[in-house]
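The values are calculated or read from the model by the stated rules, or taken from the named source; none is laboratory data. Worth saying up front: this structure is predicted, and the values here are computed from it rather than measured. With ideal geometry, Cβ positions are generated from the backbone for all residues, glycine too; neighbour counts draw on all protein chains shown.
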Amino acid sequence: MLQEIRERAQGWVAWFIVILISVPFALWGISSYIDGGSTLNVASVNGQDISEREFENGFRQFRQRIRDQLGSNYRPELIDDGLLREEFLQSLIKERLLVQATSSMGLSTADALVRSYIDSIPAFSAGGQFNNEVYERALRSQGFTPVGFEAQVRQSLVTEQLSRGVSGTEITTDTELRDLVRLQMQRRNASYVTFPATKYESSVEIADADVQRYYQAEQATFMAPERIKVDYIELNIDNLSTTLKSDEESLLGYYEQHKSEYVTAERRRASHILFATGEGGTGDAEALAQAEKALERIRGGEEFATVAKALSQDPGSADAGGDLGYFDRGVMDTAFEDAAFSMSVGEVSEPVKSSFGYHLIKLTAVQEASGKSYDQVRDQIKTAYLKNEAEKLFYEYAERLSDLTYEDPDSLRPAADALGIEVKTSDWIERSGASGLFASSKVTGAAFSDDVLLERRNSEAIELGPEHILVLRVNEHEESSLRPLEEVRTEIIDKLKSKSAAELASTKGKEMLEALTKGENMDSLANGAGLQVIDVDGVARNDTTLPPELVTSLFRLPRPVDGASSYGEAQLSNGNFVVLALKGVVDGDDKDAERIGGTAALKNALQRSRGQSYYQHLIENLKARADIVISKRE
């Protein structure tokens, strides 16, 4: 059969097949060449495309900047990638709109300004000067070319011109500034009466029909969240050390190796007179002779320190009378140290030969050894030894744990048995987290992942911290469900009582408000209702001692005429109702302005705020008038 096909595929038949195959390939190649391989776009702004490649490259850099700015606080599991992408796309659209706007306005930037700006960037400097090699290397690391980067800088500078042109040209008149100070620094004097909602709860009766109706209408409120229980193996230094054993020989060895942590060794203080030999000194015989003569002077009654100052060839100690301070064993030359640690306090040695020359040594003080014996710290030694051994084993166990839980993904038991670690079971955990180990979003993210929750496999090893990992699997799973009415009945009754009590408080309060507007006295009305009138003076707009709803309502009331009050109300978030009487208004003045930075600073702040607001309006107007198409991606 194959031979027959081969024989027929000759001459014009073969050429026909080649042409038939070649035509679609040729057409596909031409199409690919013409449209650039069907470049995908994420958006179009007034006919200018934002390609997928441009978006992805920019988004990677955008995300890296966030990571760099947050440093150790960067938590990728807490960042919604979809929202982050949307934010970045909107920034690209805004950038494209500004580019188009600056182009239509004819704004531009000189090459010298672009070059000067780049030269001033510290990241491109070496030794305080711009370095082209550093510049090009930095650009390559970020995926830029010099031409592309300089184009971005140029456009950024042009956009900044537009920003300054709009936001930097706003002015503030003296009248506007005085009005700002007058209103912002205004103080108000008032009295108020609070109708507490709790006062009316005892008079509220809630019918079963009301409970049933509320339960049906607000079922979303009473949904029990999805939750799971997990089995888990926790591997850290502490629980690993409990699986290890120790013997006396090992503990004694550890004590000797770390003795300095428990015992302060004997220290000695000495002075010396050095007669140097070798380079910079004399021969051995002459140095020894000088040492013996010095010793005779000391034994003849001269002070050791006086002779040391006169004769010692040790520049570091001669001026101090030869004093070397305290030292441990292992610090000095061996011969010097052996002599010093064999002497009594006040004793002066015979000449001692060291690698430096001949010394006369005087022992001046002894600090005896102190600390705790092995028997006194045996329990501490055991804990430290086992922790040290656990640290050595941790990474081996961690690798084995990962391998074992991967090889047998349907159970934690084989890994636990192999490593001698207990399998524990958690309490209920919701997607929002729990406490302890399960407060970490890393843990809840792994526990509710499809692989663990739906496929019921072991999780990968979750690193909670240095030398602390966790592997888990789902033990029980409860879907989100509507809590039974009987379970939430008391909760509903409490909510309905609070709502009805707040409505009663509001009704009573509005009755008082109506009476006040008819000329009745607030004190009399409050006494009749068993309530108290509270007087407050000098309330500022940013007051934090009063409920925010009360302050907001107070500053909405009209200025009262002399000798009268303006009345109003405030419904507080806790259900209480407040009746307000505004008695007087004190406007802000120049002294208030000085207390918050002075008129010049306020004027600058107001101009800056307005300018930024106008610039934002410009961007919003550009968006509103633009033809923006965002491609929907599956």
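Hey, does the stretch 564-585 have a residue that's of a type in the set (D, E), outside the structural domain of Q48 (by TED's automatic domain parsing) and surrounded by fewer than 17 Cβ atoms within 10 Å (Cβ to Cβ)?
no
Which of the residues that make up the stretch 148-159 are exposed (fewer than 14 other Cβ atoms within 10 Å of the Cβ) and not hydrophobic (A, V, I, L, M, F, W, C)?
Correct list: G148, Q152.
Do we find a residue being part of a helix (DSSP H, G or I) and acidic (D, E) anywhere in the stretch 255-266?
yes
Can we say D427 is of a type outside the set (V, I, T), in the same structural domain as Y232 (by TED's automatic domain parsing) and not in a helix (DSSP H, G or I)?
Taking the combined requirement at face value, the residue satisfies it.
Does any residue of the stretch 182-192 turn out to be of a type outside the set (K, R), exposed (fewer than 14 other Cβ atoms within 10 Å of the Cβ) and at negative phi?
yes
Can you name the residue in the stretch 597-623 that is under 33 Å from the mean Cα position of the chain (by Cα) and surrounded by 14 or more Cβ atoms within 10 Å (Cβ to Cβ) and, of all such residues, is modelled with the highest pLDDT?
Ranking the qualifying residues of the stretch 597-623, first place goes to I619.
Determine which member of the set A138, A126 is out of contact with any Leu (no Cβ under 8 Å at 6 or more places or on another chain), free of Cβ contacts under 8 Å to residues at least 24 places away in the same chain and within 30 Å of E52 (Cβ to Cβ).
So the residue among A138, A126 that is out of contact with any Leu (no Cβ under 8 Å at 6 or more places or on another chain), free of Cβ contacts under 8 Å to residues at least 24 places away in the same chain and within 30 Å of E52 (Cβ to Cβ) is A138.
Considering only the stretch 154-245, give the helices (runs of 4 or more DSSP H) lying wholly within it that have at least 2 residues that are aromatic (F, W, Y).
Once the helices (runs of 4 or more DSSP H) in the stretch 154-245 are filtered for at least 2 residues that are aromatic (F, W, Y), what remains is 208-217.
Quick check on D319: is it charged (D, E, K, R) and within 11 Å of S271 (Cβ to Cβ)?
Spelling it out, it is not the case that D319 is charged (D, E, K, R) and within 11 Å of S271 (Cβ to Cβ).
Being among the polar types (S, T, N, Q), touching a strand residue (DSSP E or B) at 6+ places or on another chain (Cβ under 8 Å) and farther than 30 Å from L295 by Cβ, is that true of even one residue in the stretch 357-372?
The answer is yes; a qualifying residue exists.
Please indicate, with yes or no, whether at least one residue in the stretch 265-280 is surrounded by fewer than 19 Cβ atoms within 10 Å (Cβ to Cβ), of a type in the set (S, T, Y) and in contact (Cβ under 8 Å) with a residue 12 or more places away in the chain.
No: the stretch 265-280 contains no residue that is surrounded by fewer than 19 Cβ atoms within 10 Å (Cβ to Cβ), of a type in the set (S, T, Y) and in contact (Cβ under 8 Å) with a residue 12 or more places away in the chain.
Regarding E296, is this residue more than 60 Å from the chain's Cα centre (by Cα), of a type outside the set (G, A, S) and closer than 22 Å to A369 by Cβ?
no
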